[in-house]
Amino acid sequence: MKKYLLSVIATIAPFLTYAQEASIDEIIEAKFKPFASWVSGFVFSPISIAGKQVPIVLIVLLAGALFFTLYFKFANIRLLGVAIKATKGTYDEIDYNSVTEVVSGDPTPGGDVMETVKNDEVVGEVTHFQALTAALSATVGLGNIAGVAVAIAIGGPGATFWMILAGFLGMSTKLVEATLGVKYREVGADGKIYGGPMYYLRKGLEENNLGMLGKVLAFLFAIFVVGGSFGGGNMFQANQAAAQFKVLTGLDSGFAFGIIMAVLVAIVIIGGIKRIGKVTEKIVPFMGIMYIGAALIIIIMNITAIPEAFGQIWTGVFESNTLLGGFVGVMIVGFQRAAFSNEAGVGSASIAHAAVKTKFPASEGIVASIGPFVDTVVICTMTALVIIVTNIKSNLFEYANLDAGKNVIMNGTGAHLGGVDLTSVAFDSAIPNFSILLTIAVILFAFSTMLSWSYYGLQGWKYLFGKGKIADMVYKIIFLFFVVIGASSSLNSVVEFSDAMIFAMVFPNVIGLLVLMPKVKHELERYLVAVGFKKK
């Protein structure tokens, strides 16, 4: 591994010196901006609802989530207990040791190897918990810290309600995605798992006599996930982590920070999903407990303001400036930030969930449904409550007018407050010097997000260019190169383009989910009977 790591560093080293030259940033920005703007404008093209511009991709995400929630009879809430037990490993014996069931991903169904899993290890590379934390590490991040702050600042406290609702609805979408990810995964000769929308779009739609459409959608998804992994899943994360680090330390070298971050990322991603799972199962709970713990301290310190905070959230739900327009505005802000935070419907998380050790696809679908609950319902809500209660106590800022559509607000001194800044000010007002812990949280969030997105992008890359070691190495070298570029530059258009690529994944993915949901229903019924939740 050391030899491999040295070769990676040696390969990218000649290119890294260019990252320090501002002229490179400017050249790329100037050349790439028109194309990036066009792609972003296309993906996020809006339609007008009650005078508000709503991105079509947001409508697709929410309509799909609502439909899946109704189709599966509120499985997101009804099966939450089963999901928690499955994540804890309560049903592992059923997953691993039952006989006569065909293991999902078995390349030779009907044989006598995979079906007798009492004598053979079940297909998969990670546990339910590791798969969940690997997927969570990609979604729990700056969206929870900065995105929520922007939602509250623009939409007011009422946006919190819509974020929570979107989180609950997103649980149903994740259930469908992850179940299909496991059902249609492929197992390599070396035991490595290849799964995600690329595979269930191609194989699943072929089963429904839509083979050509499936191949086209799978190809498009693979391109989008690779592009997204370099930008939103890498450069943006490295850039924001470096910025927060520089604010705390006073240093002005994003390049050096990027080198260190790239080395740390390289050490983990070289080991594949197994090592990513082992790292994220430690990082995600730690950073989650640290962040939620601090939020709980602030909430307890301001316990007398909680009733008023919930009152503001409820009254803000139906904010009536310009009547329907105001209501729709608050709803859009809340839904948008939640959807962009938990990525339900994007399909990316199913790539990580596909690597789980199980023979019941629905077992991981149910586990995956916990993701939006933790990401949006718990962590985003905690951030929102902290901002609202501290604003009640300290009057830090005034909520912006929805019609203004501003992404920044002004504090009492007239200084601009953005997303991370606003969250930092809110925490600092109750816990002095919390910005130090927040910086650690931001760096950990960014680091864990890069780990998972490197795996997502690699799976798309392998789907496009093959599963050989050379293709693997080329992708990882490029990914590490972009870590350094992202930390030491401000290539806004590249990141804008890559973020658009992430949400372009929604269109092919949701088409596949709608076509294949009857198969998910069958798998869900089979698993619920196996664990005794439902009679045969």
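None of the figures in this text is laboratory data; all of them are computed from the coordinates on show. Everything numeric here is computed off the predicted structure, so don't read it as measured data. In this analysis, Cβ positions are derived from the backbone assuming ideal geometry, glycine residues included, and neighbour counts consider all displayed protein chains.
Packing order of peptides 289-296, 199-206, highest average first: 199-206, 289-296 (average count of other Cβ atoms within 10 Å over each peptide's residues).
Students often get this wrong, so check it: of K88/K534; K278/K534; K174/K246; K174/K357, which have C-alpha atoms separated by over 28 Å?
Details: K88/K534 20 Å; K278/K534 33 Å; K174/K246 36 Å; K174/K357 18 Å.
Violating the 28 Å limit, Cα to Cα: K278/K534; K174/K246.
Computed from phi, the 3J(HN,Hα) profile of the stretch 256-265 under the Karplus parametrisation 6.51, -1.76, 1.60 (θ = phi - 60°) reads 4, 4, x, 4, 4, 5, 4, 5, 5, 5 Hz, with x in place of Gly and Pro.
The HN-Hα couplings worked out from phi for the stretch 349-354 by the Karplus form 6.51 cos²θ - 1.76 cosθ + 1.60 (θ = phi - 60°) are 4, 5, 5, 6, 5, 5 Hz, whole numbers, x standing for Gly and Pro. As a rough guide to protection, the peptides 362-374, 182-194 ranked by mean Cβ packing within 10 Å, highest first, stand as 362-374, 182-194.
Based on the mean of other beta carbon atoms within 10 Å per residue, what is the order of 450-461, 78-89, most packed first? The partial results should precede the final answer.
Details: 450-461: 26.4, 78-89: 17.7.
So the peptides 450-461, 78-89, ranked by packing, come out 450-461, 78-89.
Sequence gap at least 6, Cα distance under 8 Å: using those rules, report the relative contact order of the stretch 194-269 to the nearest whole percent.
Working: 37 pairs, mean separation 13.8, N = 76.
Taking the mean separation of contacting Cα pairs over the length of the stretch 194-269, I get 18 percent.
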